[in-house]
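The values are calculated or read from the model by the stated rules, or taken from the named source; none is laboratory data. Just so we're clear, the structure is a prediction, and the values are computed from it rather than from any experiment. Here the Cβ positions follow ideal geometry from the backbone for every residue, glycine too, while neighbour counts run over all protein chains shown. Please note that ligands, DNA and RNA were not included when accessible areas were found on the heavy atoms of the full protein model with its side chains. Shrake-Rupley method; radii C 1.70, N 1.55, O 1.52, S 1.80 Å.
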Amino acid sequence: SGVTDSASGFELSSMGRSIRSVPGSRVRYAGPSMSQTATEPRSSEQQRPRRSWWKTALWVLLALVIIALVTVALFLRFSVRRAFPQTSGTIAVAGLAGEVEVIRDAMGVPHIYADTVEDLFLAQGFVHAQDRFWQMDFWRHISHGRLSEMFGSSQLETDSFLRTLGFTDLAQRQYAAESTENQAILDAYAGGVNAYLETNSPSDLSFEYSVLELLNHSYEPEPWDGVDSLAWGKVMSWDLGGNMRAEIGRAMALASLTPERVDQIFPAYPGDRHPFILPDGSAPLALEAGVVTAPDAIAELAAVSRSVRAIDDVTGGGGEGIGSNSWALSGVNTPTGAPMLMDDPHLSIQMPSIWYQVGLHCRVVSAECPFDVAGFSFAGVPGVIIGHNADIAWGFTNTGPDVQDLYIEKVNPADPNQYEFEGAWLDMDVRTETVRVAGGEDVSLEIRSTIHGPIISEVFEPLEDFGSSGLDVPQQYAVALRWTALDDVPSIAGPILAINRAATFEEFREAARLFSVPAQNLLYADRAGNIGYQMPGNVPIRASGDGRYPVPGWTGEHEWTGFVPFDELPFSYNPPSGYIVTANNQVIDDSYPHLITKDWAYGYRAQRIVDLVGSNLGIGLDGHRTIQFDSYDLSAEYLRPFVLEAVRRGITEPDETQQAALAELTSWDLQHFAGSTGAAIWNATWRHILARTFHDELVEDLWPEGGSQWFEAVRGLAPIPDDPFWDDVTTPETEDRDTVLAAAFLEAVVALKDELGSDVSDWTWGDLHRATFRNGSLGDTGIGLIDDRFNRGPYPASGATSVVNAVGWDASEGYEVTWLPSMRMLVDLGDLRRSLAVHTTGQSGHIDHPHYDDMIPLWLSGENVPMLWDRSDIEANAEATLVLEPGE
């Protein structure tokens, strides 16, 4: 059949016949019966209304789908925005004695003003809960080993490991041992958190609870208490503590390498080339190495390593090479004549940021209310971790002392709950804990401990022997962890709150005296013109050994005999150089009489900072901001000539792409900026160098991540063209250095061409090195609709491993950013109003909130915002003011 539009007069064809119409005419069917008109259709035309019905139905269905989508979108928008906190007006808060003002600046940073200590910290707890309670609750479940209560059986492995460490019991004992004053602060803080919880349903607290409701209908957030705040300090101690990963790595490497070759991939700190934090040491103390391992033991240590990795996946810690930078300059080296202090701690990439910026101000600073401080806090913990008060500024970097030892315990074959010590069988301490599992049955967990600490591995079959160690082989054994953080030591709250109140270096050192774990490099500057450094913390003294390998627990020869006295720990005050630099490098030279560790960062960042600071004395904060973003690669400066020479010798007829890549690599300025083509080629080549050199002889768990340890290892191999590491043991040929380096370059060019296209000039480091700020709890579900709501990125990122702008990646996995400068702070003690800061994401933990991700562009470009201090400046930049008043 055919139809004609009577309004337009166009003609259609139907079954070979013409249908013609003119405007205004009736449409007639030119068929067998010309007497039938359009108003009298034949039977075939009766299908037209049916077709219209189906069209109508489709349109209705489409409309319903659109309405449903709009409804879902509106519901999601409502569900997200209902959790946005009230930031202006007045709120009655139970527990307050007087009014508290919370002035939020343009970046959403709250500046809290109160008349009493209790009101000040109650308000901090309230504000933390407003912006970040989901993060606090998630971290709390990590701390207590209760993730399975939220997310089900997938977290049982992590919970089991965390329960074995026993953070909850330790935090409870810490709380009981706190001073009355600190307990009052912890209680006030918890009271503020709970005051917010009591007036909000879970869905009003954060959108994450609406998502969790789909998975776990029975979950209800519990009230907060002081123990929850202290338990998180234990988790941070894990992230920043000890050398257990290196200890396991050395032991596992011995399965395929001689001790001498293991030392090649765990080299000593290069003190002849790279700086110490402090220039002076004292009389040396001879240390005896002690090793115990065996090929059969490697499987058990690998199991421990996997448990360690499970907690690292949750906390974001543990990556090889993670560190921090800080430096301070006295007034003789600044344009203002007053000290300046810079700090940028390196932690895992996450969403929201691990840091929460805040100002805590007593309206009248006095002995009764002594807090007047600004800086960076952890949501869930009272006080300011890093920042400044009216008199001093301070920063932290990780010392990385060896405060963890693994003991191989000889277990009684007749009784798995007994172990040998100095010829006697001792009973293990055995406790049972119940792990609640959302959507499943409770799991009973038996936890065993020896005098050395908790057993963190399973008992396994008898061993053949311990190879060349010459030690007796136990019939059965297990691995116990000795760690200073598992002792009854003061919590992190005491030293942090004391530093917040300190006004002089003497008071700062007395606060540091309370700092047991984690041991940190504490950097100091004050408005009186002084700079200083203190290394605090419990550092064990061993009867024998240097902590590099697991040791036999049954002999009693490797016990800890005490800790380095605080007054013998390294410190410095107003050094002659006029500046102090810390970057996880060795604190003091080998003449120092106590062992701190054998596992330092290898000084590449420290050397570059010393070079830049020392050659640019007198620059202001903007200059030091540029130094914080510097991405110059000292390792590549040394290794690139070897690569270029090997390529020129080994590739006699390079194709067009190889020629262009070689030219870019040759002219590269050694800066790892996101737009750099040379950086892309170098890092791809470096990744293949590591794979070709080490993957054939190391188990996958030990494949290089590519940090300063591996820079130093390859630097040691570079002058030795025929070192066995260059040879691939899986091939019949014998490869040498130049073969490996040239092949790595060629493989890198092929990989980059496949991924980024054939035009070498279009290759950039940022195309490979991308930062995704991922929510640690609900940002990795594999469901794009959920992940995309919580995560941000990927973004092209400057920086690299072991450069000053240390934006790390894992060469065994890919180029994605895994850790980064978690915040950047620059404090001018001459005028605190000039101070600058930024952290990685934003103040808010609520997705779609304007302050959820507004710091990301600043962080990516190396920019900062004013670190507001004076109340007049805060009010001038105020976004909102909230008054908290006493309530029932």
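Among the residues of the stretch 513-527, how many are buried (at least 22 other Cβ atoms within 10 Å of the Cβ) and touching a residue at least 40 places away in the same chain (Cβ under 8 Å)? Total meeting the criteria: 10. For the stretch 663-698, a residue qualifies if it is closer than 23 Å to residue 758 by Cα, open to solvent by 20 Å² or more (accessible area, probe 1.4 Å) and part of a helix (DSSP H, G or I), and the qualifying residues are 663, 664, 666, 667, 687, 688. Quick check: is even one residue across the stretch 370-380 in contact (Cβ under 8 Å) with a residue 40 or more places away in the chain, aliphatic (A, V, I, L, M) and open to solvent by 30 Å² or more (accessible area, probe 1.4 Å)? No, the stretch 370-380 has no match at all.
When residues in the stretch 768-783 are screened for being over 15 Å from the mean Cα position of the chain (by Cα), open to solvent by less than 40 Å² (accessible area, probe 1.4 Å) and modelled with pLDDT under 95, 1 of them pass.
Applying the criterion of being within 19 Å of residue 797 (Cα to Cα) and surrounded by fewer than 14 Cβ atoms within 10 Å (Cβ to Cβ) to the residues of the stretch 753-766, the residue that is nearest to the chain's Cα centre (by Cα) is 755. Pairing each residue of the stretch 111-134 that is more than 15 Å from residue 846 (Cα to Cα) with any residue that is open to solvent by 10 Å² or more (accessible area, probe 1.4 Å) and among the hydroxyl-bearing types (Ser, Thr, Tyr), provided the two are 6+ apart or on different chains, yields C-beta distances under 6 Å for 126/196. Candidates are the residues of the stretch 222-246 that are crowded, with 23+ Cβ neighbours inside 10 Å and in contact with a Leu (Cβ under 7 Å, 6 or more places away or on another chain); the one that is nearest to residue 600 (Cα to Cα) is 244.
Any chance you could count how many residues in the stretch 630-660 are more than 30 Å from residue 821 (Cα to Cα) and among the aliphatic types (A, V, I, L, M)? Going through the stretch 630-660 one residue at a time, the tally reaches 5.
Taking the criterion of being more than 16 Å from residue 863 (Cβ to Cβ) and in contact with a Lys or Arg (Cβ under 7 Å, 6 or more places away or on another chain), the residues of the stretch 618-634 that qualify are 632, 634. The number of residues in the stretch 528-565 that are within 30 Å of residue 496 (Cα to Cα), assigned to a loop (DSSP other than H, G, I, E, B), open to solvent by 30 Å² or more (accessible area, probe 1.4 Å) and free of Cβ contacts under 8 Å to residues at least 60 places away in the same chain comes to 1. Residues considered: 705, 712. Of these, the only one that is buried (at least 18 other Cβ atoms within 10 Å of the Cβ) and in a loop (DSSP other than H, G, I, E, B) is 705.
To keep it simple, each residue is scored yes or no on (1) within 11 Å of residue 129 (Cβ to Cβ); (2) under 23 Å from the mean Cα position of the chain (by Cα); (3) of a type outside the set (Ser, Thr, Tyr); (4) outside any helix (DSSP H, G or I).
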{"site": "183", "(1), (2), (3), (4)": "no, no, yes, no"}
{"site": "187", "(1), (2), (3), (4)": "no, no, yes, no"}
{"site": "194", "(1), (2), (3), (4)": "yes, no, yes, no"}
{"site": "197", "(1), (2), (3), (4)": "yes, no, yes, no"}
{"site": "212", "(1), (2), (3), (4)": "no, no, yes, no"}
{"site": "222", "(1), (2), (3), (4)": "no, no, yes, yes"}
{"site": "229", "(1), (2), (3), (4)": "no, yes, no, no"}
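The set of residues in the stretch 418-437 being open to solvent by less than 50 Å² (accessible area, probe 1.4 Å), out of contact with any helix residue (DSSP H, G or I) (no Cβ under 9 Å at 6 or more places or on another chain) and not small (Gly, Ala, Ser) consists of 418, 419, 420, 421, 428. Pairing each residue of the stretch 324-341 that is closer than 25 Å to residue 708 by Cα with any residue that is open to solvent by 20 Å² or more (accessible area, probe 1.4 Å) and hydroxyl-bearing (Ser, Thr, Tyr), provided the two are 6+ apart or on different chains, yields C-beta distances under 8 Å for 327/579; 328/579.
Under the condition of being under 20 Å from residue 354 (Cβ atoms), of a type outside the set (A, V, I, L, M) and open to solvent by less than 30 Å² (accessible area, probe 1.4 Å), the residues counted in the stretch 814-864 number 17.
It is to be established whether one or more residues within the stretch 479-489 are more than 23 Å from residue 173 (Cβ to Cβ) and surrounded by 20 or more Cβ atoms within 10 Å (Cβ to Cβ). Checked the stretch 479-489: at least one residue is more than 23 Å from residue 173 (Cβ to Cβ) and surrounded by 20 or more Cβ atoms within 10 Å (Cβ to Cβ). Just to be sure before I move on: is residue 173 open to solvent by 20 Å² or more (accessible area, probe 1.4 Å), closer than 20 Å to residue 486 by Cβ, in a helix (DSSP H, G or I) and modelled with pLDDT under 95 in the structure I sent? So residue 173 fails the test.
Put simply, of 737, 792 the only residue that is at pLDDT 95 or above, buried (at least 16 other Cβ atoms within 10 Å of the Cβ), within 22 Å of residue 348 (Cα to Cα) and among the charged types (D, E, K, R) is 792. Residues in the stretch 737-769 that are part of a helix (DSSP H, G or I), among the β-branched types (Val, Ile, Thr) and touching a residue at least 24 places away in the same chain (Cβ under 8 Å): 739, 740, 749, 760.
Of all residues in the stretch 868-880, those being in contact with a helix residue (DSSP H, G or I) (Cβ under 8 Å, 6 or more places away or on another chain) and either assigned to a strand (DSSP E or B) or among the hydrophobic types (A, V, I, L, M, F, W, C) (or both) number 2.
Yes or no, residue by residue, for (1) of a type outside the set (S, T, N, Q); (2) more than 29 Å from residue 600 (Cα to Cα):
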{"position": "712", "(1), (2)": "yes, no"}
{"position": "735", "(1), (2)": "yes, yes"}
{"position": "739", "(1), (2)": "no, yes"}
{"position": "744", "(1), (2)": "yes, no"}
{"position": "767", "(1), (2)": "yes, yes"}
{"position": "778", "(1), (2)": "yes, yes"}
{"position": "787", "(1), (2)": "yes, yes"}
{"position": "791", "(1), (2)": "no, yes"}
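Among residues of the stretch 199-209 being of a type outside the set (Val, Ile, Thr) and surrounded by fewer than 20 Cβ atoms within 10 Å (Cβ to Cβ), the one that is nearest to residue 131 (Cα to Cα) is 204.
Scanning the stretch 576-617 for residues that are open to solvent by less than 40 Å² (accessible area, probe 1.4 Å), over 15 Å from residue 273 (Cβ atoms) and in a helix (DSSP H, G or I) gives 612, 613, 614. Checked against (1) on the phi > 0 side of the Ramachandran plot; (2) touching a residue at least 12 places away in the same chain (Cβ under 8 Å), residue 772 passes all but condition (1). Exactly one residue out of 729, 750 is in contact with an Asp or Glu (Cβ under 7 Å, 6 or more places away or on another chain), over 30 Å from residue 273 (Cβ atoms) and open to solvent by 10 Å² or more (accessible area, probe 1.4 Å), and it is 729.
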